[in-house]
Amino acid sequence: MQPIKQFMQDYPGQIKSKLPQVGTTIFTVMSQLAAENNAINLSQGFPDFESDKALIKMVSDAMAKGMNQYAPMAGLMALREQIAIKTEKLYGVTYNPDTEITVTAGGTQAIFTAITAIIKEGDEVIIFTPAYDCYGPAIELNGGKPMYVQLFAPEYKIDWNHVKKLISQRTKMIIINTPHNPTGKIVTKNDMVQLEKIVQNTDIIIISDEVYEHIIFDKQKHQSASKFPHLAERSFIISSFGKTFHNTGWKMGYCLAPSNLMKEFRKAHQFIVFSVNTPIQYALSEYLKNENNYLELSSFYQQKRDFFVNQIKDSKFKIIPSQGTYFQLLSYADISNEKDTDFAIFLTKKHKIASIPVSVFYHKNTDEKVLRFCFAKKEETLKYAADILNKIV
């Protein structure tokens, strides 16, 4: 039998990539670079502290009780009921746990599933860049075409007139993200009203990526698509337990949508993952009963943001205010004129601190000399990182 490696060498034309421009993600690259250089890693968005021990015990107890087989395809009803209760408390909107809520293997799977359920060959999808890096590839894998609306530092405001000009008969979907990764900005009530007006009397579907809904600062309000009737009726709303409860490796999230959209979502969902982690679902269904477990998250992360920002306020970096998420953007324009990708590598190798260059979140690698730092870290980690940043001139 011919070895696989030799087969690939002899027949290189047999495989045509569906994503020829896509390589290893920047998150993997920078995390690997951080490890190789023994650098503090503020690049990838995950905490360096543990999830609540009570929640971990709930998962362990569920495993010990034998809750280890397949969950229902849409998720445990007990968990979907608690999600419905939480959504109604927060946003005053009722979703039917039976037909309008599905538990997913994290937010990214939910986003991919929603795109897969709707987008066909030739459909256009409007994305606001800089954007979370899964949107474009998911659209392209399903034969769609991403249409980009660029946001510019430091405000990163949406130009709704530009959005209107991009709308055509081929426009099938618009993806919004609030609070926004990577910028930390939030979509305002006026933004949502503008979007509502644009899509009214159209067949355009919305994906509202709200995985950081509980991490929003300075007493501002999260503007969920569920709060706007003409958006809610056409929206897949994506949320993440991993972001909320400090356990990104558990890959747990959920999707809210009206029943007609959720019916299509589940058709794809059942063939992508079928169902997700059973004991964790049992644990979350109990943990959600205490609303303080998510209501206190904003103040928890605001303390971390404020601590980090206060520690670097006298540095040469310019702080671009974070309104939500656990990311802080810093401009280094007063320090260097290097490309942000090169400067991020330089900081990792020379100064032992890893970040993410924001240009990689744009479709055209727009370089505005801005880096993204994750502050979902212990205070001592943030203090150590700040000491490094303060010495860079």
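The values are calculated or read from the model by the stated rules, or taken from the named source; none is laboratory data. All values derive from a computational prediction rather than experimental measurement. Positions of Cβ are generated from backbone atoms using ideal geometry, with glycine treated the same way; all protein chains shown enter the neighbour counts.
Could you check, for region 191-206, whether at least one of its residues is closer than 14 Å to A131 by Cα and not acidic (D, E)? Within region 191-206, none of the residues are closer than 14 Å to A131 by Cα and not acidic (D, E).
The rows are residues; the columns are (1) of a type in the set (G, A, S); (2) at pLDDT below 95.
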{"position": "Q21", "(1), (2)": "no, yes"}
{"position": "M30", "(1), (2)": "no, yes"}
{"position": "A39", "(1), (2)": "yes, no"}
{"position": "F46", "(1), (2)": "no, yes"}
{"position": "M58", "(1), (2)": "no, no"}
{"position": "Q69", "(1), (2)": "no, no"}
{"position": "G75", "(1), (2)": "yes, no"}
{"position": "K86", "(1), (2)": "no, no"}
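Only a single item in (1) polar (S, T, N, Q); (2) over 30 Å from S51 (Cβ atoms); (3) part of a helix (DSSP H, G or I) is not met by S226, and it is number (2). Just one of (1) assigned to a loop (DSSP other than H, G, I, E, B); (2) farther than 26 Å from L371 by Cα fails for K197. It is (1). Look at region 53-75: where a residue is of a type outside the set (V, I, T) and a partner is in a loop (DSSP other than H, G, I, E, B), sitting 6+ places away or on another chain with Cβ atoms under 6 Å, you get Y70/S275; A71/S275; M73/F274; M73/S275.
Residue check: is Y287 hydroxyl-bearing (S, T, Y), over 21 Å from the mean Cα position of the chain (by Cα), crowded, with 20+ Cβ neighbours inside 10 Å and within 30 Å of K364 (Cα to Cα)?
Values: hydroxyl-bearing (S, T, Y): yes; over 21 Å from the mean Cα position of the chain (by Cα): yes; crowded, with 20+ Cβ neighbours inside 10 Å: yes; within 30 Å of K364 (Cα to Cα): no.
Here the answer is no, as Y287 does not meet what is asked.
Of everything in region 246-263 that is buried (at least 24 other Cβ atoms within 10 Å of the Cβ) and touching a Ser or Thr at 6+ places or on another chain (Cβ under 7 Å), the residue that is farthest from E210 (Cα to Cα) is M262. Of all residues in region 59-73, those satisfying the criterion of being surrounded by 13 or more Cβ atoms within 10 Å (Cβ to Cβ), of a type in the set (A, V, I, L, M, F, W, C) and more than 26 Å from the chain's Cα centre (by Cα) are A62, M63, M67.
Scanning region 313-334 for residues that are under 16 Å from I186 (Cα atoms) and outside any strand (DSSP E or B) yields a count of 5.
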